[in-house]
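Chemist: Encoded as structure tokens, here's the structure I'll be asking about.
The values are calculated or read from the model by the stated rules, or taken from the named source; none is laboratory data. Computed from a predicted model, the values in this text were never measured in an experiment. Positions of Cβ are backbone-derived with ideal geometry, glycine not excepted, and every protein chain shown enters the neighbour counts.
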Amino acid sequence: MTNLSVNIAGLEFKNPVTTASGTFGYGEEFHDFMDVGRLGGIFVKAITGSNREGNAYPRMAETPSGMLNSVGLQNKGVDHFVKEIYPRINSFDTNIIVNVSGSTVEEYVQVAEKINELDKIPAIELNISCPNVKEGGMAFGTMPAMSMEVTRVVREVYKKVLMVKLSPNVTSITDIAKAVVDGGADALTLINTLLGIAIDAENRRPVLSTISGGLSGPAIKPVALRMVWQVCKAVHVPVIGLGGIMNATDAIEFLLAGATAIQVGTANFIDPTISEKIIVGIEDYILKHDVKDINELIGALKTD
């Protein structure tokens, strides 16, 4: 028997395949397509302190080899999640991880404290790519000091596994990663989307209502692989890699670059069963290559 399980900061995953926040809803939306219990984990859509309507439409645009989105963290707030969503999903036979977001440090703390009380949520993913209102809209995750501070404050109130999702829109991803680990992160997730713009040449206007949005999909995979590889060499905590993973081969590449697990994102919009297919593809790969333990592949990239 081949071992597919991986461990992230003491949290066991039955396999390294998880789904990215914002692309898989709360998991229940995919019941008609697949057995969500097959997954290593589900990262549910972002939760904020209060209700957010999100950005005006249009807020999604197809691009060559990817898509742009500026949904704007649409959700009904943490209290709604606790009362209405959590009771419906807490019996899933997989790790349910909540993506926590906010506009201020205080909002991050508020959400983290409430999620900390939920027995069946073993971890949160701190999304520090969102604007910091007190700093004029600058994202927390673009500067090491700000990244470390928001992580440190949340670490003080959150007692389970703390993962932090990093933005690629920075000068040095390794500096941000080190700062977040110093702040108390147990694991890192990278990368979030790259900033981009789509333009309607006929109307001479931006396609998105917000002008710019986050680019995801196959187009960003080389950048994501490079950043995962760099960060895995720079810090000593587990990394979850994502960015353009469309099949099992893509997933294996992230593991070889050093990621302990992966997230499937944009591909869910194309094929709602793709994450399950990726698990099967990984199984085929390790059998073909006579790998006894999936952990043998983590960081096994040969560079000499």
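Rundown of residues vs (1) buried (at least 18 other Cβ atoms within 10 Å of the Cβ); (2) modelled with pLDDT of 95 or more, yes/no style:
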site: S5; (1), (2): no, yes
site: V17; (1), (2): yes, yes
site: S70; (1), (2): yes, no
site: I85; (1), (2): yes, yes
site: I97; (1), (2): yes, yes
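Chemist: From the list V180, V161, which residue is within 17 Å of the chain's Cα centre (by Cα) and buried (at least 24 other Cβ atoms within 10 Å of the Cβ)?
Modeler: Exactly one of V180, V161 is within 17 Å of the chain's Cα centre (by Cα) and buried (at least 24 other Cβ atoms within 10 Å of the Cβ), namely V180.
Chemist: Ok, one more. Please go through (1) over 25 Å from R88 (Cα atoms); (2) in contact (Cβ under 8 Å) with a residue 12 or more places away in the chain for I121 and return the number of the only condition it doesn't satisfy.
Modeler: All conditions pass for I121, except number (1).
Chemist: Would you be able to say whether some residue in region 275-285 is over 19 Å from V6 (Cβ atoms), within 18 Å of the chain's Cα centre (by Cα) and in contact (Cβ under 8 Å) with a residue 40 or more places away in the chain?
Modeler: So far as region 275-285 goes, no, none of its residues is over 19 Å from V6 (Cβ atoms), within 18 Å of the chain's Cα centre (by Cα) and in contact (Cβ under 8 Å) with a residue 40 or more places away in the chain.
Chemist: Here is a further query. Restricting to region 148-207, what's the tally of residues that are farther than 18 Å from A261 by Cβ and either part of a loop (DSSP other than H, G, I, E, B) or of a type in the set (K, R) (or both)?
Modeler: 21
Chemist: So, one more: Please specify each residue of region 1-21 satisfying the condition of being within 26 Å of L73 (Cα to Cα), hydroxyl-bearing (S, T, Y) and assigned to a loop (DSSP other than H, G, I, E, B).
Modeler: S21
Chemist: Please count how many residues of region 131-142 are touching a residue at least 12 places away in the same chain (Cβ under 8 Å) and either assigned to a loop (DSSP other than H, G, I, E, B) or in contact with a Leu (Cβ under 7 Å, 6 or more places away or on another chain) (or both).
Modeler: 1
Chemist: Now for a separate question. Just to be sure, is T19 in contact (Cβ under 8 Å) with a residue 40 or more places away in the chain and farther than 23 Å from S275 by Cα?
Modeler: Working: in contact (Cβ under 8 Å) with a residue 40 or more places away in the chain: yes; farther than 23 Å from S275 by Cα: no.
Criteria not met by T19.
Chemist: If you don't mind, there's one more thing I want to ask. For A56, are the conditions met, namely being loosely packed, with under 15 Cβ neighbours inside 10 Å and either within 16 Å of the chain's Cα centre (by Cα) or farther than 22 Å from I115 by Cβ (or both)?
Modeler: In short, yes.
Chemist: Okay, moving on. Which of the residues belonging to region 231-251 are aliphatic (A, V, I, L, M), surrounded by fewer than 24 Cβ atoms within 10 Å (Cβ to Cβ) and closer than 22 Å to N95 by Cα? Can you show your working first?
Modeler: Of the residues in region 231-251, the ones aliphatic (A, V, I, L, M) are 231, 234-235, 237, 239-240, 242, 245-246, 248, 251.
Filter once more, so that each one left must be surrounded by fewer than 24 Cβ atoms within 10 Å (Cβ to Cβ): 234-235, 237, 246, 248.
Result: V237, M246, A248.
Chemist: Which residues, taken from region 22-75, are assigned to a loop (DSSP other than H, G, I, E, B), in contact with a Cys (Cβ under 9 Å, 6 or more places away or on another chain) and of a type outside the set (S, T, Y)?
Modeler: L73, the sole residue that qualifies.
Chemist: Look at region 27-48 and say how many of its residues are surrounded by fewer than 21 Cβ atoms within 10 Å (Cβ to Cβ) and within 20 Å of the chain's Cα centre (by Cα).
Modeler: 5
Chemist: So the check is Cβ under 8 Å with 6+ separation or different chains; which pairs have a first residue in region 290-304 that's more than 11 Å from G258 (Cβ to Cβ) and a second one that's in a loop (DSSP other than H, G, I, E, B) and of a type outside the set (A, V, I, L, M)?
Modeler: As it stands, the answer is V291/T2; K292/T2; D293/T2; I294/T2; I294/S5; I294/N15; I294/P16, since those pairs meet every condition given.
Chemist: OK, next. Identify all residues within region 22-50 that are of a type in the set (D, E, K, R) and either without any contact (Cβ under 8 Å) to a residue 40 or more places away in the chain or closer than 16 Å to N127 by Cβ (or both); write none if there are none. Before the answer, list the steps.
Modeler: Narrowing region 22-50 to residues of a type in the set (D, E, K, R): 28-29, 32, 35, 38, 45.
E29, D32, K45, listed by residue number.
Chemist: Now, a different point. Restrict the check to region 275-295 and report whether at least one residue is part of a helix (DSSP H, G or I), touching a helix residue (DSSP H, G or I) at 6+ places or on another chain (Cβ under 7 Å) and of a type in the set (F, W, Y).
Modeler: Within region 275-295, one or more residues are part of a helix (DSSP H, G or I), touching a helix residue (DSSP H, G or I) at 6+ places or on another chain (Cβ under 7 Å) and of a type in the set (F, W, Y).
Chemist: Still on this model: Taking region 188-203 as the region of interest, how many residues are among the polar types (S, T, N, Q) and either free of Cβ contacts under 8 Å to residues at least 40 places away in the same chain or more than 28 Å from I240 (Cβ to Cβ) (or both)?
Modeler: Looking only at that region, the number is 1.
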